[in-house]
1. Hey, among the residues in segment 254-283 that are outside any helix (DSSP H, G or I) and among the charged types (D, E, K, R), which one's farthest from the chain's Cα centre (by Cα)?
2. Six or more apart or on different chains, Cβ atoms under 6 Å: show the pairs whose first residue is in segment 352-365 and touching a residue at least 60 places away in the same chain (Cβ under 8 Å) and whose second is of a type in the set (Asp, Glu) and part of a loop (DSSP other than H, G, I, E, B).
3. Determine whether ASN174 is of a type in the set (S, T, N, Q), assigned to a loop (DSSP other than H, G, I, E, B) and open to solvent by less than 60 Å² (accessible area, probe 1.4 Å).
4. Could you please give the count of residues in segment 252-282 that are within 15 Å of ILE215 (Cα to Cα) and not acidic (Asp, Glu)?
5. Which helices (runs of 4 or more DSSP H) sit wholly inside segment 68-162 and have at least 1 residues that are free of Cβ contacts under 8 Å to residues at least 60 places away in the same chain and over 30 Å from ASN327 (Cβ atoms)?
6. Looking at (1) without any contact (Cβ under 8 Å) to a residue 60 or more places away in the chain; (2) in contact with a Lys or Arg (Cβ under 6 Å, 6 or more places away or on another chain); (3) among the polar types (S, T, N, Q), can you tell me which one ASN292 breaks?
7. Consider VAL346 carefully, then state whether it is within 26 Å of ARG234 (Cα to Cα), of a type in the set (A, V, I, L, M, F, W, C) and at pLDDT 95 or above.
8. When you check LEU133 against the structure, is it under 30 Å from THR188 (Cβ atoms), at pLDDT 95 or above, surrounded by fewer than 20 Cβ atoms within 10 Å (Cβ to Cβ) and in contact with a Gly (Cβ under 8 Å, 6 or more places away or on another chain), yes or no?
Amino acid sequence: MGRSILLLVSAVLLLNAHLGSCGCFKRIFSFGDSIIDTGNFAHAAGNNPGPIIEWPYGMTFFHHPTGRVSDGRVIVDFYVQALGLPFLPPSMVGEEAEQFPTGANFAVFGALGLTPDYYMRRYNFSMPMPWCLDRQLDSFKKVLARIAPGPGATKNLLRESLLVMGEIGGNDYNFWFFNTKTSRDRETPEQYMPDVVARIGAGVQEVIGLGAKTILVPGNFPIGCVPRYLSSFRSNNPADYDEFHCLRWFNDFSQKHNRMLVQEINRLKSQNPGVKIIYADYFAAAMEFVKNPHKYGIDDPLTACCGGNGPYHTGKDCDKNAKIWGNPANFASWDQLHMTEKAYNVIADGVLNGPYADIPLLHAC
């Protein structure tokens with residue numbers, strides 16, 4: 001009897017070890033924007049990174065600012081923890097010397113899918129941030145050439161890695177919609193949407209060409225439920241809102257982006273048999289706490305935890321002088337644009353365990 005129990009316990013421990021570390025992923029490399037930046041922007045900005053390195057950012061989990069644009073962990077942090085890996089270091093900190101044994105995060109606050117030059121040439125529109133997916137991939141290839149020189153070594157390293165391609169592309173729309181000169185023009189972002197999606201697809205194909213075998217590609221969020229959008233585009237017309245009091249047009253816009261992205265992913269899947277390209281439905285995952293906020297302990301999913309006295313707790317940026325409206329665990333929105341650790345945890349769980357990934361990430365091995 002004792003031997004049987006011992007064998008059973010050993011089997012359970014082995015099973016849990018596999019689920020916790022997902023042994024085929026020895027490292028994670030991620031690309032994106034402020035949704036998953038773990039410190040690159042703060043490092044690049046040097047002595048002028050803004051309020052994200054001040055209290056109350058980081059108050060929940062780390063208990064101090066880390067360069068993450070949240071009260072605590074961001075989505076990629078939940079991925080690495082579930083996969084039994086340490087938190088991803090920001091790539092810029094060790095680009096020249098770090099070996100990144102368990103991966104690195106190339107995501108940067110404010111990053112675009114397309115280049116700033118694209119918008120200047122096409123629309124004479126100046127994007128406020130210089131970072132884009134092109135620059136992140138260039139940095140990634142530079143790091144790969146140093147830590148795994150030669151095509152064979154690179155392919156071996158990437159075969160054992162998970163690559164997270166985003167979320168990215170959201171700022172290509174945010175910066176347009178929040179610019180006072182262009183905010184009323186909704187047709188132009190729809191015109192360049194196919195180019196944003198194509199660039200994400202090209203990025204996926206680029207890392208496949210380098211040897212990647214598993215790539216997670218997230219979609220866009222329901223931006224019509226984001227406090228800053230709700231405040232900036234308030235309407236007296238009830239038809240502009242859906243049953244959850246989110247802005248209907250902006251959520252339809254996000255879903256249009258996501259439908260194009262799914263089509264692009266399906267095209268890439270057909271061209272790259274043997275490669276797992278996983279679509280993460282961040283829109284549907286985020287709508288979970290919009291539709292059923294009390295299930296997750298969220299009081300009002302459309303108001304921000306950190307901000308001002310305006311509608312949706314807007315009217316003032318989140319900084320050391322802003323108002324904290326309560327425990328961040330009771331909010332989905334942290335600083336009116338980015339989410340709380342609580343919301344990111346809900347989304348990550350839907351991707352790790354299903355149903356918000358066409359292959360749940362914990363089963364991707």
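The values are calculated or read from the model by the stated rules, or taken from the named source; none is laboratory data. Just so it is clear, the model here is predicted, and its values are computed rather than measured. Methodologically, a virtual Cβ is constructed for each residue, glycine included, from the backbone with ideal geometry; neighbour enumeration extends over all protein chains shown. Note: accessible area is taken over every heavy atom of the protein model, side chains too, but ligands, DNA and RNA are not part of it. Shrake-Rupley method; radii C 1.70, N 1.55, O 1.52, S 1.80 Å.
1. Once the filter is applied, the top-ranked residue is LYS276.
2. Within 6 Å, the pairs are TYR356/ASP281.
3. Values: of a type in the set (S, T, N, Q): yes; assigned to a loop (DSSP other than H, G, I, E, B): no; open to solvent by less than 60 Å² (accessible area, probe 1.4 Å): yes.
Answer is no for this residue.
4. So the count comes out to 18.
5. The qualifying helices (runs of 4 or more DSSP H) are 91-94, 116-123, 133-147, 151-159.
6. With (1) without any contact (Cβ under 8 Å) to a residue 60 or more places away in the chain; (2) in contact with a Lys or Arg (Cβ under 6 Å, 6 or more places away or on another chain); (3) among the polar types (S, T, N, Q) applied to ASN292, the lone miss is (2).
7. No; evaluated as a whole, the condition is false for this residue.
8. no
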